[in-house]
Amino acid sequence: MSSRVDLISLSPKPFRLVHESQFVVMMLQSGAMDLSIDGGPTERLEYVAGDIALCRRHVVGLAQSGEQMKKLRFELSDLHLNEAASEANREIELQSIPKLKDSRIKALMTAVNIERASGFPSGQLFLQSMEVALAAVLVQTYSLSKTATRRIKGGLSDVGRRNVIDFVRASISEDISLADMAAVTGLSVAHFSHMFRKSVGKSPHQYVLQQRVQYAKELLLSLNLRMIDVAVASGFKTQQHFARIFRKMCGLSPTEYQRIKLSKRLRDSPFREA
């Protein structure tokens, strides 16, 4: 299942709102909007960049923006909302909040926007991880149904953990999704994500990035590979993204790492000239 993230521009004209899905919006520009929901009175809302709105389905309204405004929309699937509530057969409804102050949601949406601006180099695994995190916060705090989230004790079984690790290693050059990793264990996406963190000590996305960088380190010691070849073989979509993540995790660039390691290998070689 693909997570849906859209960049939307609101024109300074009256427009009709019809929400068929549930989503989170983050304003990317400052501006004002006159908003009427379900025939209610019109309310003027002032937004600054970074403000958050929560929109539930089945909402109909009228809105008018005083100027063109850009916003980032992250649509939430029923699957992830239901899993966050631990009720696979129940439809979860969120509150509709035109202006929401929640530092957790803002931080998650900001991370998504940074990823979007870079062209989504981390692929669906990153977005699905963000959707799971958003669903957990929204169901716990802003759900219309008062459903307590079921706590999960322990972590993955030894077999489940090994299966996931083997799957990631075998698929390191591919666009691994959270659903793919969960399927290996037979767990739902939300339960897998939580139990994986308890077992491994980091999120699935962080773990996959770590494994990509570790594999890249091995490839960098081959003199026959170009840097772009190392990046692609390790599962990074661009050389720039590879270099940024590598430096963040290792404290130096891939080229610097390669030069240092190859120089040390040459110094330690028993066949080098005296």
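Observations, loosely collected:
- Dipole axis of the chain (+1 Lys, Arg; -1 Asp, Glu on Cβ), positive-most option in Ile176, Gln239, Ile260: Ile260
- When the solvent-accessible area of segment 162-212 is split by element, carbon and sulfur atoms take up 44 percent of it, the probe being 1.4 Å.
- Dipole magnitude for the chain: about 1080 debye, using +1 per Lys or Arg Cβ and -1 per Asp or Glu Cβ, origin at the Cα centre.
- Arg4 long-range amide H proximity, modeled H, under 5 Å: Glu75
- Tilt relative to the chain, helix 204-220 - C-alpha long axis, 0 to 90 degrees, to 10: 30 degrees
- For GluC sites (Glu not before Pro), the sites in segment 100-204 that DSSP calls loop and that have at most 15 other Cβ atoms within 10 Å are Glu174.
- Accessible surface, per residue, of the chain when the full set of protein chains is kept, probe 1.4 Å, Å²: 53 Å²
- Segment 221-265 versus segment 181-207: alpha-carbon centroid distance in Å: 27 Å
- Rounded to the nearest 10 degrees, the angle from helix 103-117 to the longest Cα principal axis of the chain is 60 degrees.
- A 1.4 Å probe, protein heavy atoms only, puts the accessible area of Lys202 near 50 Å².
- Only Cα pairs under 8 Å and 6+ residues apart enter the sum, and on that basis the relative contact order of the chain stands at 15 percent.
- Label assignment, Cα Rg over 2.2 N^0.38 Å derived from the structure, set [x] 1.22; [y] 1.01; [z] 1.07: [x]
- The helix-based estimate of mean residue ellipticity at 222 nm for the chain, built from -39,500 (n - 2.57) per DSSP H run of four or more residues and divided by its residue count, is -14500 deg cm²/dmol to the nearest 500.
The values are calculated or read from the model by the stated rules, or taken from the named source; none is laboratory data. Keep in mind that what you see is a predicted model, and the values were worked out from it rather than measured. In this analysis, Cβ positions are derived from the backbone assuming ideal geometry, glycine residues included, and neighbour counts consider all displayed protein chains. Only protein heavy atoms, including side chains, enter the accessible area calculation; ligands, DNA and RNA are left aside. Shrake-Rupley method; radii C 1.70, N 1.55, O 1.52, S 1.80 Å.
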